[in-house]
Amino acid sequence: MSNAAPASRPYSGWVPGLLSIVLMLALWSVVALITDRPQTTPAPWTVAARIGALATSGELWFHAGMTLFRVLASFAIAMAVGLALGLWMGRSRLVDSWLNPALVIALNIPALVVIVLAYIWIGLNEAAAITAVALNKIPVVTVMTREGTRALRPDLDDMARAFRMSRWARLRHVVLPQLAPHVAAAARAGISLIWKIVLVVEFLGRSNGVGFKIHLLFSSFDVAGVLAWAFAFVIVMLTIDLGVLRPWERRANRWRHDEA
Amino acid sequence: MRLKLRGKSFGGRAVLGPLSLEVERGDRVAILGPSGIGKSTLLRIVAGLDPAFDGRLTGADRLATVFQEPTLLPWRSARDNIMIPTGCDGPTASALMDRVGLPGREAQYPRQLSLGQQRRLSLARAFAARPDVLLMDEPFASLDAETATRMIDLTRDLLDDSGAGLLLVTHDPQEPARLGARALRLSGTPAILG
């Protein structure tokens, strides 16, 4: 079998990827030098210095930690609820017909409306912030899980029933492995969407976190500070993606490859 | 295992007519008939996969099914494919894999096995469930003659050793003879046993 190509792909992708980042930094530097307005277009090294200062003062870790906590809490809630709803709707046509209109409406409600209403109805607190973010993400996870559930293999379902496998064993060994690619895609798409919404939530109603800091820096038109916080957190999220989500996805897909 | 069927229809179209079928431990029964006659439908009813029929299915026997295709879990190792659905322990699974000619393949995934090996694994899985009656749905169709012969011999030996009964569905009139099974013919519309 000719399955050598996928294994070598990540390596050949490194070089152009790295070069494109270098190119973007160069372009940014040129623009910063030409415009020569450090107040609105700070140079990359100015932003890098700010990130360094934030990291050494410890401020970065506290606020990034608060934001990360909100991201992970709402991510966990959204994945759990979305997975359960998607499985339920994918398995039962009746449930799907009843819940689908609500799902379509939920998918189209602007994130900002959910956030504002959560703060008004629940209060300006942590629970409201996390609920608002989770509510924004649940419909997307539900839709992706539902599509995966509809594509479940009926022959394996028959096998599981013929051998009287328990509900839990069926979910764990028959259903979830088939849903894994959909769940992984929902998780990857979800975590990047969620951290952007978390920032809005913090901007509007929290007194710590990256979004709160950006709020303060916005009032003083400190562009270098805004960029420093944004890039610092992008690095945190990329580390999670590369260090946690991707290895997990690779592990879950091990059975597809021929390594003996 | 005892089935008293009054009828089975799909969307108003009667597929199976009134028939009764009884298979016990040690019995070997083959149901013959052309494709599309309702053989697989009958087997699905017996296996408990299709509860929407008019009639009664009784008996507390343990059943295990060998499907037309291997129907293995691609994301679990060969040994887990035996242990997870049947709940048997590791040594039993390994012993059965030796028995069907797959020694040392425990850690491999199904796609690393040939189709013939996958079918033998599926046979091992069915026997791991320690069935009183083994249900088989055209398990030797789409195999080349030599592989089919080996599979049939293996199935017969395993049935001899375990004492399990057999309910086989096939279109090939030679298979029942080679397995020592009593042949029943399914024919007519709606189909009945003759």
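What follows is calculated from the coordinates using simple rules that are stated; it is not laboratory data. Because the structure is a prediction, the values reported are computed rather than measured. Neighbour counts run over all protein chains shown; Cβ positions are idealised from the backbone, glycine included.
Computed values, structure above
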read-out: Taking the C-alpha atoms of chain A, convex hull volume expressed per residue in Å³; value: 176
read-out: Per-residue Cβ neighbour rank within 10 angstrom, fewest leading, A:Val223, B:Val29; value: A:Val223, B:Val29
read-out: Backbone HN-Hα couplings from phi across region B:36-51 [Karplus 6.51/-1.76/1.60, Hz, Gly and Pro as x]; value: x, 7, x, 4, 5, 4, 4, 5, 5, 5, 4, 6, x, 8, 10, x
read-out: Part-to-part distance (alpha-carbon centres) for region A:131-187 and region B:17-65, which is given in Å; value: 31
read-out: Shape category assigned to region B:88-177 from the gyration tensor of Cα positions, a/c cut at 1.5; value: oblate
read-out: Helix-only CD estimate at 222 nm, as mean residue ellipticity for chain A, using -39500 (n - 2.57) per DSSP H run (n ≥ 4); value: -27000 deg cm²/dmol
read-out: DSSP beta bridge pairing in the protein assembly as shown, given as percent antiparallel to the nearest 5; value: 40
read-out: Cα-Cα P(r), the protein assembly as shown, percent of pairs per 10 Å interval; value: 4, 16, 20, 19, 14, 11, 9, 6, 2, 0
read-out: Lysines whose Cα lies under 30 Å from that of A:Lys196, excluding same-chain neighbours fewer than 8 positions away; value: A:Lys137, A:Lys213
read-out: Cut-off 17 Å, label 7 Å out along Cα→Cβ of A:Leu117, residues of region A:173-204 by amide N; value: A:201
read-out: Under the Karplus curve 6.51 cos²θ - 1.76 cosθ + 1.60, θ = phi - 60°, whole-Hz ³J(HN,Hα) for region A:212-225, x wherever Gly or Pro sits; value: 5, 4, 5, 4, 4, 5, 5, 5, 9, 6, 8, 5, 4, x
read-out: Two-decimal Rg/Rh across region B:45-194, once Rg and the Kirkwood Rh are taken from alpha-carbon atoms; value: 0.97
read-out: Least to most buried among B:Tyr109, A:Tyr119 (fewest other Cβ within 10 Å first); value: A:Tyr119, B:Tyr109
read-out: Relative contact order (percent, whole number), chain A, Cα cutoff 8 Å, 6+ residue spacing; value: 26
read-out: Cross-link reach list, aspartates and glutamates versus B:Lys8, counting only Cα pairs under 16 Å and skipping chain neighbours closer than eight places; value: B:Asp50, B:Asp54
